[in-house]
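Visitor: Starting off with a structure, shown below.
Every number in this text was worked out from the coordinates using simple rules, so none of it is lab data. It should be emphasised that the depicted structure is a prediction, and the values quoted were computed from it without experimental measurement. Using ideal geometry, Cβ is built from the backbone for each residue, glycine included, and neighbour counts are taken over all protein chains shown.
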Amino acid sequence: MTAIDVNPGLLMIAAGLLACLLPRVGRQLLTLGTPVAGLLLLIATPMGALTTLPIFGYDLTLLRLDGLAFPFGIIFLIAAFLNAIFALHQDDRLQDSAVMIYGGAAVGAVLAGDLASLFIYWELTAVSSVFLILASRTERAYSAAMRYLVWQIGSGVLLLAGILLHYQETGSMAFTTITLGSVGSWAIFLAFGIKCAFPLLHNWVQDAYPEATITGTVALSAFTTKLAVYAFARSFAGEELLIPIGVVMTCFPVFFAVIENDLRRVLAFSLNNQLGFMLVGIGIGSEIAINGAVSHAFAHIIYKSLLFMSMGAVLYRTGTVKASELGGLYKSMPLTTIFCIIGALSIAGFPLTSGFVTKNLTLTGAEYAGYFWIWLLLIFASAGVMEHSGIKIPFFAFFSHDGGHRVKEAPVNMLIAMGIAAGACIFIGIFPQTLYSILPYEVTKSPYSVQSVVTKTQLLTFSIIAFGVLIRAGLYPKEIPSTNLNTDWLYRHVGRYFVGVLAYMARWAWAGVCGGWRATLGAAHGLIRRHYGPDGAMGSAWPTGQMAFWATVMIAAYSLIGFWYLL
């Protein structure tokens, strides 16, 4: 095995473990240099490379590089580098190490060629990422981290069970196309769905991400859910069940995000919205739709990281990201405002930004495949994301009413990270072929047709006008301190009551069992005491003659048994 055969994810994991032992400057150099080294290593690896390692009679495929894995590996390494720059102001050994291991596990997973290797990296992303929530060191963060861990480990348990059943059913552990129809395939599908935040399985995103640290949330937004998107694209491309699931994911977060006061939680809802676009593309399964899903994941990691970075900078300077407590920050943080607006335009799919050239592929794929109603719902979802992330985030954070915060601009390292991400959003939007060239399939259609540009511009313009009219008329939901119920209410409240009832029934049953045993043991104890106690027949002193009689009886019995045995 040569250096070029090494999975770059292993390089990052090793660096993450080493980071625990280094002082601050050493950790900073390591967190900055390792993603760059991994990126160079990945680019130098020839397409089609395959590295296996025999273990216990089975060949683990530690490295498989093809057209699907390459763009995901590239963007995960870029995200790790951006996060390292954004975190330079902090001195936190735990977070520096966790982010490196977390990112390395994600890279390792997309380059793994078998399900056993995927499972190892899958679980490592869960265990390492939870420390980014715990690092907030608050009671709320601890509770959210435990709930997050339950979901992530649950996904891993399902994945392991599915892998074992799938291997029993097919005799193969290859991480490749899987057809739904068996118990094992459904278990794998559901495991991927939990990590991809399917509807009703999504609430761990809004529960945990806003409780993570300022830098931890940026990393969380980049790796976990996009790893699940890659897994679906690898194993379930063309599975039509993903289309309605994806459509629901694009639409339902719009209504939650409109009434949400916490701006990082708004971004968490919009993350669900964007994942829906990717799943629709994977479900359609055509070459252009798969390209749309992959390119959208690539662009989404950048602009969603940019938006979380801008809100992280606001939180770092003001101590809050509540819309009701912000406003007027464009005066104090002008550069952060500009970068946030670029991210907002990108997520809304404004022409000349990355979101436009990637969403256009998915919409075109739906149109070509004849899914008119799906296309129409995706258009509606695009208008929704323009409202809650494209307008609401920058408007309430930097404009709107003046929250009275007079603060410094974000630290230089944060501005550099946001500047690079904002530049990438614009660069990809202007030169889409740069991204198109690394997609799994060739892209021949230009995103900048007259119809696409006019349709998108009209949609975004009407969204802006509608937002302005609602604000001026006082009809837009007020930004007030509140707690919005999500599906996690079912297990955090109803579930708690249900568990309480089960616990009461268990205590009642246990008391009955213990009472029965106590009665039985008491009766047995009384019987034994009556015969063998101080006053019992077997426990009292016997006369010498009586003892001699019984000794003679026992000797006779022993002699008869021995004589019978010898015969």
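Visitor: If each residue's Cβ is checked for other Cβ atoms within 10 Å, how do 499, 294 rank with the fewest at the top?
Guide: With the fewest neighbours first, 499, 294 line up as 499, 294.
Visitor: Quick one: dipole size for the chain, taken about the Cα centre, charges +1 on Lys/Arg Cβ and -1 on Asp/Glu Cβ, in debye to the nearest 20.
Guide: Roughly 1260 debye for the chain.
Visitor: If I take all pairs of Cα atoms in the chain, what percentage of them are more than 47 Å from each other?
Guide: Value for the chain: 23 percent of Cα pairs lie more than 47 Å apart.
Visitor: Then there is this: Taking the dipole about the Cα centre of the range 144-257, with the C-beta of Lys and Arg at +1 and of Asp and Glu at -1, give me whichever of 191, 242, 219 is farthest to the positive side.
Guide: 219
Visitor: Here is a further query. Using alpha carbon centroids, what distance separates the range 337-399 and the range 72-125, in Å?
Guide: First find each Cα centre; the distance between them is then 27 Å.
Visitor: For 387, 442, what's the fewest-to-most ordering of other Cβ within 10 Å of each Cβ? Display every interim value, and only then the final one.
Guide: Numbers: 387 19, 442 11.
Taking fewest neighbouring Cβ atoms as first place, the list is 442, 387.
Visitor: Separate question: So what is Rg over Rh here for the range 1-235, counting just Cα atoms and using Kirkwood for Rh?
Guide: Dividing the radius of gyration by the Kirkwood radius yields 0.97.
Visitor: I've got another one for you. Please determine, in degrees from 0 to 90 and to the nearest 10, the orientation of helix 450-473 with respect to the longest principal axis defined by the Cα atoms of the chain, where the helix direction is its Cα long axis.
Guide: The angle comes out near 80 degrees.
Visitor: Let me ask something additional. Does the range 370-473 come out rounded, prolate or oblate, given a ≥ b ≥ c as the square roots of the eigenvalues of its C-alpha gyration tensor, rounded meaning a/c under 1.5 and, failing that, prolate meaning a/b above b/c?
Guide: It is oblate, given that a/c is not under 1.5 and a/b is not larger than b/c.
Visitor: Please compute, for the alpha-carbon atoms of the range 217-294, the extent along each of the three principal axes and give them in descending order in Å.
Guide: Computed over the range 217-294, the largest-to-smallest principal extents equal 39, 25, 17 Å.
Visitor: Moving on. Take the Cα gyration tensor of the range 141-180, multiply each eigenvalue by 5, square-root it, and list the three semi-axes largest first, rounded to whole angstrom.
Guide: 30, 9, 7
Visitor: For the chain, take the longest principal axis of its alpha carbons; what is the angle in degrees between that and the long axis of helix 287-318, to the nearest 10 within 0 to 90?
Guide: So the inclination is approximately 90 degrees.
Visitor: Continuing with this model, one more query. What ranking do 96, 114 get, fewest neighbouring Cβ atoms within 10 angstrom at the top?
Guide: Values: 96 25, 114 20.
Starting with the residue having the fewest Cβ neighbours, the order is 114, 96.
Visitor: Take the alpha-carbon centre of the range 184-198, take the same for the range 204-226, and report the distance between them in whole Å.
Guide: The distance from the Cα centre of the range 184-198 to that of the range 204-226 comes to 20 Å.
Visitor: Counting each DSSP H run of 4 or more residues in the chain as -39500 (n - 2.57), what helix-only mean residue ellipticity at 222 nm follows after dividing by all residues, to the nearest 500 deg cm²/dmol?
Guide: Roughly -23500 deg cm²/dmol at 222 nm, from the helical runs in the chain.
Visitor: Grab the range 237-487 and count how many Lys pairs have their alpha-carbon atoms under 17 Å apart, sequence gap of 8 or more, or different chains.
Guide: Lysine pair count for the range 237-487: 9.
Visitor: Moving to a separate point now. Any idea what angle helix 139-170 forms with the longest principal axis of the chain, computed on alpha-carbon atoms, 0 to 90 degrees, nearest 10?
Guide: Helix 139-170 sits roughly 80 degrees off the main axis of the chain.
Visitor: So between residue 91 and residue 446, what do we pick up on full extension, going 0.36 nm a residue minus the alpha carbon distance?
Guide: Stretched fully, the residue 91-residue 446 segment lengthens by 123.3 nm.
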